[in-house]
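The values are calculated or read from the model by the stated rules, or taken from the named source; none is laboratory data. All values reported here derive from a predicted model rather than from experimental measurement. Cβ: placed from backbone, ideal geometry, glycine included. Neighbour counts: every protein chain shown.
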Amino acid sequence: MELELFRQDLIQTSTCAPGTLAVLPLTEEKKTQKVAVGDLSGVMQCFSVKKGEFSVSFKTLPSSANKVTSLVLGRGKAQRDKMFVAAGNQIKGVNKKGKEFFRFNTQLTETIRRIDIFEKNIWSAGEYVHNHFIEGRDKALYLCPDRINDAEVLPLPGPAELWPVLACQDRYVRVLRGSEVRYEAPTPAAPVSLKYVVDAHDPQRRFPNAKEVLYGTDTGSLVQLLLEPESARQGFVLPNPKKQGAISAVYSGIDLTKTGMNNIVVGREDGGVEVLEVEETGQLRTVYSVKLTESINSLDGGFLTGLLAQEFVMHTFSGKVISYAPPGGGLLVSNPEAPRPGMLGGALGGRPRASVHVPGAEEEERRASYMKQIERLRSEISVLKQEIDAERTRFTQRGGDTALLAMSAPFTVQDKCKLEPDEACYVLTIESAVPIFTVAIQSNTQLQMLDVPSNVAILSRSPPDEANGNLTLATYRCQDATNRLAVKFKVREGRSASLSAFVIPAISPKACCVVRHTIRPLCLHQRITQMDTSRPTNELLITGSFASGDVHSWVTGLLPDVPPTLPPGQDGASYVFQNTLLGTQLLCRYRAGEARFVSDLVSTLGIIHEHVMREATAAKLRVSVSFNPSAQSLQHSVALVWPQLEKQRTLKKTYNMLEGLQEIKMQDGDVSYLTDEYRTILERADKIRQEYKEQPQHLDHLVALIKDLYLDFCKLSGVSTPKQRLPALEQLLHDTSSTLDQLMEFLLGQR
């Protein structure tokens, strides 16, 4: 790495929501900039650091009913040092001394997740609704077809008029004007964070009038979007080959590398932080990276702890406020003779050096500042211990019940269950405000638990308890102190199921938090934008006297990433999905009285047919079903599965042979008389064991998938299938000498 940064832990708050940190502008006295933070306990505070001394300008009292979900600075000329916070459905304005000067009750039913203020204009974004208020009155309202993950306002037509820009879960960035969508920009994955960059990263000055927006996706990539009043164009893209976490925060306001263009700082959900440099060619280059143990919720920057160098600051999920400063910055006593990072010598090619040796005097100053902070922390810890002892004594004197104490213990957990398309598996991420002791997993369907190399936990599996519907029971016991745990598993499509995780933290007395997720019947499908019409497909048509809301509820119960309500102003909807395991596709197009499902995999339509018939019967709705089968589609689907089947059954055969071959090697020593095939198996022994350990049930899963495919095709086609053919089919699938042509002849009844 070319950049050298020093970490400094500033303060600790309660757990926080994304976008609840802001750095106030410099004052006329040119002191260090103040930092405002809010948290989920309802506390808002503003602090500053000067010569290593922390000073809290103000701090509000906690309020569980007013959790701070957004904190921003005003954009008007007289508002840039004013803080605005959203709590529930209220918006409050606070000056830098902590005095409340404005309060607005929006009367919204959704919790406000993002606000922007410009003079008399207020923009608020909830989960699905975006509002625009002027002087407290409704100006515009937009109901988004899918969840709003983040929002910004941009001066697209001019500095006096701002247009909202929304990052939506359905893989679109939408530009609004009033209550209407001006245009939509498709994204490669769901955008989860959005940042308007005033100084655009356009070295060639190709689009001088475009406004730059950087958005991070849930797949971990960063994308530049150049917006104009009528259109948008995509710029650079930072891929994510290492499969790091989603980008939860983006910031670009400091030129740390002194190249004349601000660097880009990204924070991820898995704790990763990267500083990026935009080269003259427009490509991104990572100049610094660090990995924390918790998600990054907010990023900002400025002269935080000194006037010698700017630094960036972050707010993590558990409430840590951490800054990273270059040499010359950080908690140092002001020294006008200290060299500035921008005045240092250049590297090869004339590029200024970003990593330099810290002079001895500066090192001594830094050490003195650290010691001063350590003494302050020790003093605070001593005061906290005294308060804890006093509370413990008071609790004992009152004869308190430890069960009630455990119930009232402050314990916040955030979780996310996300499909990993590349591996066709799910990852349940659990993050706790306090270290995790144990996580117990329970499900009423069979889950194949997979290893996660980054986990510091031991996995223990329990036998299924079918009598009580517990087909999966597993426990993760954390060996080291960790606030974050990832649970990775594979699951078969077919029926709806539930997943519960019981999180027990490492606190006393013991408490437990339960998080639940629903596994849908077509859980391995992900949303895509367009259907491949060149594939041979089957069609399932369902008609009846049902409303559009009825069929939409059926689809939301079948597939992930479908919004809970129909798009506003529409009587129907159309969605396209792709199976992440096989690559097959599904088209859902429906309206009142008619639902059409098209797929090149018959089993997908079989699952839809079973689910819809069950739901329609429960709702006492009469429906009729017609199916248009395609033998070419059956062959196409089996051809997609066949390479994986061949690989897995060969792996199983090789694994079964391995033990016997190793016994021969132990007895004889020299195994040069064995064939090349057997010697290769012995050479690859460790890799073969590892592959088989990672996917012990994968062959059985593929065999069951083809059997279901055969049964569904016969059922929907009206062909009676003798049960005595299934054992022969299973034997054919396990036989390593069988071919794809032989399998197709069997499925089509030609043998």
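The table that follows gives values for the structure above.
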quantity: Cross-chain or 6+ apart pairs with Cβ under 9 Å, segment 16-31 first and closer than 23 Å to Ser64 by Cβ, then in a loop (DSSP other than H, G, I, E, B) and acidic (Asp, Glu); calculated: Cys16/Asp39; Ala17/Asp39; Thr20/Asp39
quantity: Ala354 surrounded by fewer than 20 Cβ atoms within 10 Å (Cβ to Cβ) and either modelled with pLDDT under 70 or over 39 Å from the mean Cα position of the chain (by Cα) (or both); calculated: no
quantity: Filter result for Tyr142 (surrounded by 15 or more Cβ atoms within 10 Å (Cβ to Cβ), under 24 Å from Leu566 (Cα atoms) and without any contact (Cβ under 8 Å) to a residue 40 or more places away in the chain); calculated: yes
quantity: Condition broken by Gln530, with the remaining ones in (1) surrounded by fewer than 20 Cβ atoms within 10 Å (Cβ to Cβ); (2) under 25 Å from the mean Cα position of the chain (by Cα); (3) modelled with pLDDT of 90 or more; (4) assigned to a loop (DSSP other than H, G, I, E, B) satisfied; calculated: (3)
quantity: Strands (runs of 3 or more DSSP E) (entirely within segment 161-254) containing at least 1 residues that are charged (D, E, K, R); calculated: 161-168, 172-177, 180-186, 191-197, 211-217, 232-238
quantity: Failed item, numbered, when Val37 is tested on (1) at pLDDT 95 or above; (2) more than 30 Å from Asp138 (Cβ to Cβ); (3) in contact with an Asp or Glu (Cβ under 7 Å, 6 or more places away or on another chain); calculated: (3)
quantity: Residues within segment 27-81 that are in contact with a strand residue (DSSP E or B) (Cβ under 9 Å, 6 or more places away or on another chain), farther than 21 Å from Ser124 by Cβ, among the basic types (Lys, Arg) and part of a loop (DSSP other than H, G, I, E, B), tallied; calculated: 2
quantity: Residue list for segment 587-632, filter: within 32 Å of the chain's Cα centre (by Cα), over 16 Å from Leu559 (Cβ atoms) and of a type in the set (Asp, Glu); calculated: Asp600
quantity: Output for segment 262-312, where each listed residue is outside any strand (DSSP E or B) and either charged (D, E, K, R) or buried (at least 24 other Cβ atoms within 10 Å of the Cβ) (or both); calculated: Glu269, Asp270, Glu279, Glu280, Glu294, Ser295, Leu304, Thr305, Gly306
quantity: Scan of segment 508-563 for residues that are outside the structural domain of Ala616 (by TED's automatic domain parsing), among the small types (Gly, Ala, Ser) and either under 16 Å from Leu621 (Cα atoms) or in contact (Cβ under 8 Å) with a residue 40 or more places away in the chain (or both), ordered by number; calculated: Ala511
quantity: Contacts under 7 angstrom Cβ, first residue in segment 262-283 being on the phi > 0 side of the Ramachandran plot, partner buried (at least 21 other Cβ atoms within 10 Å of the Cβ) and in a strand (DSSP E or B), 6 or more apart; calculated: Gly271/Ile296
quantity: Any hit, segment 499-507, residues being assigned to a strand (DSSP E or B), within 21 Å of the chain's Cα centre (by Cα) and small (Gly, Ala, Ser); calculated: yes
quantity: Every residue from segment 172-187 that is over 14 Å from Pro157 (Cα atoms) and charged (D, E, K, R); calculated: Arg174, Glu180, Glu184
quantity: Residue ID - nearest to Asn89 (Cα to Cα), chosen from residues in segment 109-131 that are without any contact (Cβ under 8 Å) to a residue 40 or more places away in the chain and not in a loop (DSSP other than H, G, I, E, B); calculated: Ser124
